[in-house]
Amino acid sequence: MRPRLLLALLLALPLLGVGAPARPRLKPLKTSTPPVLDGRLDDAVWAQGASVTDFETFIPEFGKKQAEKTTAHMAYDEQNLYFAFRCLDRPDQIKAALSRRDDIGSSDFVCINLDTFNDQQSLYAFYVTPLGVQGDSRFASNKEDFSVDMVWDSAARIDAEGWSVELRIPLKSIRYLHRPRVEMAVFFERTIHRRQEHGSFPALDPGRGYAFLPQMAVLEYEGLARPGILELLPAFTLSRQATREEGVMVRHPDDRQWSLTGKYGLTPSLILDATVNPDFSQVEADAGQVDANLRSNLFFAEKRPFFLEGSEAFNIAASQTGSMLAVFHSRTIVDPQWGAKLSGKLGRDDTIAALAATDTADPRSPDPANPRFGVLRYRRTTQEDGYLGAFYADRGAGPRTNRVLGPDGQVRLTPGSLLGFHAFGSTTGDASTAGTRRGRALGLEYLYDTSRLGVTAAVHDVTSGFIADAGFLTRTGLTSTSLKVTPKIYPASSWVRRLDPFAGYATLRDHPSNLHEADATLGLTAIFQGNSAATLQWDDATEVFLGQRFQADGLRLSGRSQVHRVLALSGSYWRGKGIRYTAEPFQGQGSQTSLSAVYQPGESLNLTINWTHADFYRDTAEEKIYSYPISRAKLTYQFSHAFFLRAIAEYHGYRRQLVTDFLASYTYIPGTVLYLGYGALAKRQEWENGMYRPSDHFLDMQRGLFFKASYLWRL
């Protein structure tokens, strides 16, 4: 498709759309006697207030009455929203573990999905398990982000007939439009882990698939107080490091840092965050990934608290398939000196997010200038969950500047289909060379999803000159098209609940060489009774690299299963053709295996073991180029919701190094925390005759002690 024609289609999208059907309306009870949160549901407000039942499944099947009865209650006062669930079940069948926040995937849970603006653009999700473990997330642009942590209260209790949950959500913890009459929207959800069964109220329309934002029930509130939002978060960190230099372990001076972060609500829907000398530490290192023979950089998710308020606004449309693009990826800001951010809503339909920060220059870089970042995001709600937006991102360091600017958006064409686009241009300049480089990134994606059929189609065009220094991009210089069709079959079987055969075809033109790639895909996913699933996939593919075309065929098998109440297994295996990504590339073949086991013998103990292995051989001589194994074990003991101890050991066979990490963590509420950690890195080597030589024994290369204390002060 010609880029000009693609751009014309993108700009016409906001003119399209489909009317919205009527949604259920609920009126929670306003109370002057709030419930006591103890998980018992014996307060008068629950008996007198509004409630809903009739939960129906949407995973793995649509429209089935959920096997165990669920009742959801709702109420409010001037300062808080209250919800409760009563979940009938056999106590010996309830799956629950005492774990840290957000670690809820192996338990039963209920969830309040709350669209606080009733604009069908985004939502807050509040999860609670039968043992009271909390999880929370933000959802926007078809992406859910669990890195956000909000302050709210809950209590849960298991009894002879099932389990119950009560929640209190302070208005100052969420963003909404303050008016005499406030409308929000809710999607009540319950998951029964042993059956891999998700149910909801309101029930999802099979013809609309998983597009739940336009299908949520409307909540009507009156007389909500205007909350004052002012938060101060002072933090102190102490880091003590030692590294081995020329065979001798050298201790570095202690690094003591104070930081202060503040949050102020200009309105209940518009928030200003600012920070000085911010504490952007994260208490768990990123899990090891195979980084041998990579064509592009690895992507690591954001975990640092300052960036999380309003971060969902930085998602872009038409980025679900094809070239992975983020106009702004906050982990490009490595060691900030300061930061400021404004995020929220201007009225019901207008969303903004703006960020400014100064990073600390990389000491390894020849340019001593500190990088500067400026980001601006705007979104205008159109119809249902559609929007039209604009994005600007700027990064400058010394003589180099990079700017990305352009629109994006999505429109719901039919109840089950969504069309999204983005059209960004970049300008990169270098004053030292007086050179300017320009490029574009265009994307158009069509998603169709119902209970019987899923279809994805996409077109992407990214020129070689497109650069996003403040973002993330895997590859440039390409024009790609793709199509994937997935029928969904529900057999009358006692052991298979759903079969999803799929077929796809993708083509890509490599701009520098004008050579074409192709990938024909055929596969099958099976969802079994209980909590098990498996996928088999074959790809007949080619790939272009440095002006040459190579084979990239491969067979992939993956699966997962809760094989026992205390043991869950998962794994994947791929074998096929590939490329050795070097200055002189060559055809090869290899495999990659990933295995994982989660052992949870009781409520408090969790042992997770992961093993990954990748290898690669030259085709012509069957010469082994590399073998890359990574083994990782994580042991966690959760004493309470707030306090846990954790130990991690990870061995990289390719690098011959062992990483150990120990942590004691206490979290009273998000923001009020104490961490004490110790980490070390050892390599299988020894110092001999002025150099490091391979050895069968481990030699400590780095050691570090870490302490952090912070206190969230909410006014």
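A few points about this structure:
- Counting only strands (runs of 3 or more DSSP E) wholly contained in segment 513-570, the ones carrying 1 or more residues that are closer than 21 Å to Ala458 by Cα, of a type outside the set (A, V, I, L, M, F, W, C) and touching a strand residue (DSSP E or B) at 6+ places or on another chain (Cβ under 7 Å) occupy 515-528, 532-545.
- The criterion of at least 3 residues that are among the hydrophobic types (A, V, I, L, M, F, W, C) and closer than 19 Å to Leu213 by Cβ is met by the following strands (runs of 3 or more DSSP E) wholly inside segment 51-169: 109-115, 122-128.
- Unmet requirement for Asp661, which otherwise passes all of (1) over 30 Å from Lys708 (Cα atoms); (2) among the acidic types (Asp, Glu); (3) surrounded by 15 or more Cβ atoms within 10 Å (Cβ to Cβ): (1)
- Residues that are in a strand (DSSP E or B), surrounded by fewer than 16 Cβ atoms within 10 Å (Cβ to Cβ) and either hydrophobic (A, V, I, L, M, F, W, C) or in contact (Cβ under 8 Å) with a residue 40 or more places away in the chain (or both), drawn from segment 587-604: Leu595
- If you filter segment 670-698 down to residues that are buried (at least 17 other Cβ atoms within 10 Å of the Cβ) and farther than 20 Å from Ala647 by Cα, you find that the one that is nearest to the chain's Cα centre (by Cα) is Pro670.
- Segment 70-79, subset touching a residue at least 24 places away in the same chain (Cβ under 8 Å) and surrounded by fewer than 21 Cβ atoms within 10 Å (Cβ to Cβ), residue nearest to Pro170 (Cα to Cα): Gln79
- Filtered residue count, segment 151-191, keeping only those that are free of Cβ contacts under 8 Å to residues at least 60 places away in the same chain and crowded, with 19+ Cβ neighbours inside 10 Å: 3
- Identity of the residue in segment 619-639, in contact with a Phe, Trp or Tyr (Cβ under 9 Å, 6 or more places away or on another chain) and outside any strand (DSSP E or B), that ends up modelled with the lowest pLDDT: Thr620
- Number of the condition not met by Gly435 [criteria: (1) touching a residue at least 12 places away in the same chain (Cβ under 8 Å); (2) over 21 Å from Gln215 (Cα atoms); (3) surrounded by fewer than 23 Cβ atoms within 10 Å (Cβ to Cβ)]: (1)
- Annotation note: Cβ proximity below 6 Å between a residue of segment 238-251 that is without any contact (Cβ under 8 Å) to a residue 24 or more places away in the chain and in a strand (DSSP E or B) and a residue that is among the small types (Gly, Ala, Ser) and surrounded by 10 or more Cβ atoms within 10 Å (Cβ to Cβ) (sequence gap 6+ or interchain) occurs for Arg251/Ala242.
- Residue satisfying condition, being of a type in the set (D, E, K, R), over 19 Å from Gly416 (Cα atoms) and surrounded by 15 or more Cβ atoms within 10 Å (Cβ to Cβ), within set Asp510, Asp449, Asp500: Asp510
- The listed residue being hydrophobic (A, V, I, L, M, F, W, C), buried (at least 16 other Cβ atoms within 10 Å of the Cβ) and out of contact with any helix residue (DSSP H, G or I) (no Cβ under 6 Å at 6 or more places or on another chain), out of Ala647, Ala633, Ala621, Ala642: Ala642
- If you go through segment 538-561 and keep only what is under 19 Å from Gly523 (Cβ atoms) and β-branched (Val, Ile, Thr), you end up with just Thr542.
- Members of segment 199-218 found to be assigned to a strand (DSSP E or B) and within 22 Å of Cys87 (Cα to Cα), listed by number: Gly199, Ser200, Phe201, Ala217
- Flag if Arg646 is of a type in the set (Lys, Arg), within 29 Å of the chain's Cα centre (by Cα) and in a strand (DSSP E or B): yes
- Test: residue in segment 690-712 that is part of a strand (DSSP E or B), closer than 30 Å to Asp153 by Cα, of a type in the set (D, E, K, R) and in contact with a Gly (Cβ under 9 Å, 6 or more places away or on another chain): yes
- Options Ala313, Ala301, Ala317, Ala356: the member that is of a type outside the set (S, T, N, Q), within 14 Å of the chain's Cα centre (by Cα) and at pLDDT 85 or above: Ala313
- Restricting Leu388, Leu418, Leu442 to residues that are in contact with a helix residue (DSSP H, G or I) (Cβ under 6 Å, 6 or more places away or on another chain) and crowded, with 20+ Cβ neighbours inside 10 Å narrows the list to Leu442.
The values are calculated or read from the model by the stated rules, or taken from the named source; none is laboratory data. Since the structure is predicted, the reported quantities are computational estimates derived from the model, not experimental observations. Don't worry about glycine lacking a Cβ; one is built from the backbone with ideal geometry, like all the others, and counts go over all protein chains shown.
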